[in-house]
Amino acid sequence: MAKKIKVTKVRSAINRAQTQKRTLESLGLNKIGQVKVHDASPSVLGMVNKVSHLVSVEEMS
């Protein structure tokens with residue numbers, strides 16, 4: 001069973017690079033406070049790392 005992570009958008013993407021905005025969209029995060037649950041795959045973890053200053057991450061059990 002794959003580990004899950006809960007990603008929450010906590011900061012705005014205004015005045016950020018276009019690649020960071022697209023990364024947030026691909027994670028499914030549009031509004032501040034929005035939460036999405038993803039599998040902790042290497043590709044998702046890389047995206048989270050790229051926008052780590054805009055999101056908070058929790059590991060789910």
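The values are calculated or read from the model by the stated rules, or taken from the named source; none is laboratory data. Just so you know, these numbers come straight off a predicted model, no measurement behind them. Please note: Cβ atoms are built from the backbone with ideal geometry, for glycine as well, and neighbour counts cover all protein chains shown.
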Provide a single number: the residues in the stretch 31-52 that are loosely packed, with under 12 Cβ neighbours inside 10 Å, under 10 Å from the mean Cα position of the chain (by Cα) and in contact (Cβ under 8 Å) with a residue 12 or more places away in the chain.
1
Yes or no: Ala2 small (Gly, Ala, Ser) and surrounded by fewer than 10 Cβ atoms within 10 Å (Cβ to Cβ)?
yes
Which one is farthest from Ile5 (Cα to Cα) among residues in the stretch 26-61 that are part of a strand (DSSP E or B) and touching a helix residue (DSSP H, G or I) at 6+ places or on another chain (Cβ under 8 Å)?
Val55
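For residues that are of a type in the set (S, T, N, Q) and exposed (fewer than 11 other Cβ atoms within 10 Å of the Cβ), tally how many sit in the stretch 13-25.
First, pick out the residues of the stretch 13-25 that are of a type in the set (S, T, N, Q): 15, 18-20, 23.
Restricting the remaining residues to those that are exposed (fewer than 11 other Cβ atoms within 10 Å of the Cβ) gives 15, 18-19.
Residues flagged as of a type in the set (S, T, N, Q) and exposed (fewer than 11 other Cβ atoms within 10 Å of the Cβ) within the stretch 13-25 amount to 3.
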Please name all residue pairs, on different chains or six or more residues apart, with Cβ atoms under 6 Å, provided the first residue is in the stretch 1-25 and is part of a loop (DSSP other than H, G, I, E, B) and the second residue is at pLDDT 95 or above.
Ala2/Asp39; Lys3/Ala40; Val10/Ser56; Arg11/Leu54; Ala13/Lys21; Ala13/Leu24
